[in-house]
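J.: Quick one: this structure, given as structure tokens, is what I'll be asking you about.
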Amino acid sequence: MITRRTLARCGALGLAGAVAAPRIARGETRRWRMVTSWPRRLPGPGMSAERVAERISTLSGGRLEAGGGQALWDELYAPFGVKPFMAGNTGVCMGGWFRHELRGADDLKGLKIRSLGLGGEVYRRLGAVAQTTSPGEILTSMQSGLIDGAEFVGPGSDIALGLYRVATFYYAPGFNKPNGSGECILSLKAWESLDSEMKAIVQHACAAEAAFALAEMERLNFEALAALTGQHGVELRMFPKSLILAARGQATAVVGDVGAKSAVARRIHDSYTSFRDRTAAWSRVSIKAVLEAREG
């Protein structure tokens, strides 16, 4: 399942091959450059990039320094000359920070909201003006009034941006981006130049980070949420039911429109919706039921 993709800046993280060198002899060191779309050492996605690089270097003994759904993913990215892997996860995301309380779907109309990708398109169809503000400029843009609200990730990452200083209301659930999966994107030529052992090292480093990051974000999120509401005066709110219902309809339409763009997009759409629908029944009697029982 593909939940987020950014080819130019590699989604949550990326690896770009410095040189598409031919297959090299065992023992020779090759050096790759890494670029990310997140601020360095940002809690969550920023740390995932560093850990992937560290794992690849360690597992390869220093020979490689990193400065069903997978097949569709590979097919989608191949024309761009890159090989993708899931290599991070921010867990459940929040819906966004707002200066004013939202009482219904109509309150979104005309609001300038920092929200990217398909989530931004959902907000746009709800009447908001979606903006593509970079992470480092979100706070100053809200302070100056260039934007009225912003969604980023979840509490564990959001607290580092200091958005609580200018926006009091923090809304859930993140209908615009239920989950953020981090991508590690390699130059396809660099990937194909690796032997099977080195490929396995890269695959393992990415898979390990996907699992580790999700567990880490659960901890960071509950700790940060407690600090935001307990120390910084943030008001945690749930989106009004009318807004959620409107968003659900628009989200279905957005995903359907994407699936109609090409043959490969249709196969991805069908694979995603089929998996989502098949897992829904288990989610209701597992996570959802346990949480409801725990809360009485």
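The values are calculated or read from the model by the stated rules, or taken from the named source; none is laboratory data. Quantities reported herein were computed from a predicted structural model and do not represent experimental measurements. As a convention, Cβ positions derive from the backbone with ideal geometry for all residues, glycine included, and neighbour counts pool all protein chains shown. Just the protein is used for accessible areas: all its heavy atoms, side chains included, with ligands, DNA and RNA removed. Shrake-Rupley method; radii C 1.70, N 1.55, O 1.52, S 1.80 Å.
J.: So, of the residues in the stretch 238-296 that are loosely packed, with under 10 Cβ neighbours inside 10 Å and not small (Gly, Ala, Ser), which turns out to be modelled with the lowest pLDDT?
T.: Per the criteria, the residue is Glu295.
J.: Go through (1) at pLDDT below 90; (2) within 18 Å of Ala210 (Cα to Cα) one by one and return the number of the condition Pro84 breaks.
T.: That leaves (1) as the condition not met.
J.: Still on this structure, I have one more. Evaluate the following for Glu218: is it within 24 Å of Phe98 (Cα to Cα), open to solvent by 50 Å² or more (accessible area, probe 1.4 Å) and acidic (Asp, Glu)?
T.: For Glu218, the condition - within 24 Å of Phe98 (Cα to Cα), open to solvent by 50 Å² or more (accessible area, probe 1.4 Å) and acidic (Asp, Glu) - is met.
J.: Looking at Ala224, Ala190, Ala200, can you tell me which residue is open to solvent by 20 Å² or more (accessible area, probe 1.4 Å) and either in a helix (DSSP H, G or I) or touching a Gly at 6+ places or on another chain (Cβ under 7 Å) (or both)?
T.: On inspection, the qualifying residue turns out to be Ala200.
J.: Let me ask you something else. Tally the residues that are over 20 Å from Arg124 (Cβ atoms), in contact with a strand residue (DSSP E or B) (Cβ under 7 Å, 6 or more places away or on another chain) and assigned to a helix (DSSP H, G or I), restricting the search to the stretch 139-160.
T.: 1
J.: Further question: Could you list all residues from the stretch 153-201 that are of a type in the set (A, V, I, L, M, F, W, C) and touching a Cys at 6+ places or on another chain (Cβ under 8 Å)?
T.: Answer for the stretch 153-201, where residues must be of a type in the set (A, V, I, L, M, F, W, C) and touching a Cys at 6+ places or on another chain (Cβ under 8 Å): Val153, Cys184, Ile185.
J.: Turning to a different aspect of this structure: State which residue pairs qualify: first residue within 12 Å of Pro155 (Cα to Cα) and inside the stretch 198-223, second residue of a type in the set (S, T, N, Q) and open to solvent by less than 60 Å² (accessible area, probe 1.4 Å) in any location, beta carbons under 7 Å apart, and separation of 6 or more residues or different chains.
T.: Met217/Asn89; Met217/Thr90
J.: Moving to a separate point now. Could you tell me which numbered condition Tyr171 fails, if it satisfies all but one of (1) of a type outside the set (A, V, I, L, M); (2) in a loop (DSSP other than H, G, I, E, B); (3) under 20 Å from Gly230 (Cβ atoms)?
T.: (2)
J.: Another question, then. Given the conditions (1) part of a helix (DSSP H, G or I); (2) of a type in the set (Lys, Arg); (3) closer than 22 Å to Ser181 by Cα, report the number of the one that Arg124 does not fulfil.
T.: Among (1) part of a helix (DSSP H, G or I); (2) of a type in the set (Lys, Arg); (3) closer than 22 Å to Ser181 by Cα, Arg124 violates only (3).
J.: Restricting attention to the stretch 92-107, and to residues there that are surrounded by fewer than 22 Cβ atoms within 10 Å (Cβ to Cβ) and touching a Leu at 6+ places or on another chain (Cβ under 7 Å), which single residue is modelled with the highest pLDDT?
T.: Ranking the candidates gives Leu102 first.
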